[in-house]
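One structure below.
The values are calculated or read from the model by the stated rules, or taken from the named source; none is laboratory data. Since we're looking at a predicted model, the values are computed, not measured. In this analysis, Cβ positions are derived from the backbone assuming ideal geometry, glycine residues included, and neighbour counts consider all displayed protein chains.
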């Protein structure tokens, strides 16, 4: 039987250094890089030293994690201006997914989604991530109605008791990225050596339901922990009849 395959991705911060330096480390370890845009102002100031043209010739896929400090209190128009500038800055790398920590207010998300589509951008490439306080309960109508995608974060599902997300209508067909790590605690994201048996079961369920070829990001920000977790992930997936490219 043919194994189900997923695209393995790594975040652009596994060692202290520039985004360019991190991508060069990851290029032989993964097939896709998640460009981690943590802070709006710093990322808007990126130059070709941070994102050189040469990154487009490495044979990698890319996606973008949009900044964590987007100021929704200033309105969806303001947030879209920031995001649009970052979309343009990374266009030469042809990213096919943009991960957004959604606002708490469904109206803000709807307004943002309308602006996204008016700019000619594909709504299914705008992925909502389940984060603390955002289990999609009050946002799902907008996500479905506007045709948005989903980034499922395993650690957040476990840390914030968000199992209800896995029962949402049309979830699996719109999930294009999965974030994986062992757990989230006061130190941040911990590697897969600490994953619980329950965590393994949830992970197996998610991978069994998402589409073949879905991108899976090992969201771990230390190179050695990343390497250790990659080995564990590949072993687990193999036992489930799955593989990574």
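Among the residues in the range 142-152, are any within 22 Å of residue 229 (Cβ to Cβ) and crowded, with 20+ Cβ neighbours inside 10 Å? Within the range 142-152 (the criterion being within 22 Å of residue 229 (Cβ to Cβ) and crowded, with 20+ Cβ neighbours inside 10 Å), the answer is yes, since at least one residue qualifies. Of the strands (runs of 3 or more DSSP E) lying entirely inside the range 132-245, those carrying at least 2 residues that are over 26 Å from residue 2 (Cα atoms) are 149-153, 183-185, 188-190.
Give the residue, chosen from 220, 202, that is in contact with a strand residue (DSSP E or B) (Cβ under 8 Å, 6 or more places away or on another chain) and either modelled with pLDDT under 95 or under 15 Å from residue 178 (Cα atoms) (or both).
Just a single option satisfies the conditions, and that option is 220.
Inspect all residues belonging to the range 92-107 and state whether any of them is more than 28 Å from residue 144 (Cβ to Cβ), surrounded by fewer than 19 Cβ atoms within 10 Å (Cβ to Cβ) and more than 18 Å from the chain's Cα centre (by Cα). Yes; the residues of the range 92-107 include at least one that is more than 28 Å from residue 144 (Cβ to Cβ), surrounded by fewer than 19 Cβ atoms within 10 Å (Cβ to Cβ) and more than 18 Å from the chain's Cα centre (by Cα). Among the residues of the range 110-130, some residue qualifies, meaning at least one is crowded, with 18+ Cβ neighbours inside 10 Å and in a loop (DSSP other than H, G, I, E, B). Does the range 45-74 hold any residues that are surrounded by fewer than 17 Cβ atoms within 10 Å (Cβ to Cβ), touching a helix residue (DSSP H, G or I) at 6+ places or on another chain (Cβ under 8 Å) and under 26 Å from residue 107 (Cα atoms), and which are they? Hits for the range 45-74 are 69, 71, 72. Name the residues in the range 1-49 that are closer than 30 Å to residue 240 by Cα and in a loop (DSSP other than H, G, I, E, B), would you? Across the range 1-49, the qualifying residues are 1, 2, 3, 12, 13, 14, 27, 28, 29, 30, 31. Out of 238, 243, report the one residue that is within 22 Å of residue 28 (Cβ to Cβ), in contact with a helix residue (DSSP H, G or I) (Cβ under 7 Å, 6 or more places away or on another chain) and at pLDDT 95 or above. None of the other options fit; the residue is 243.
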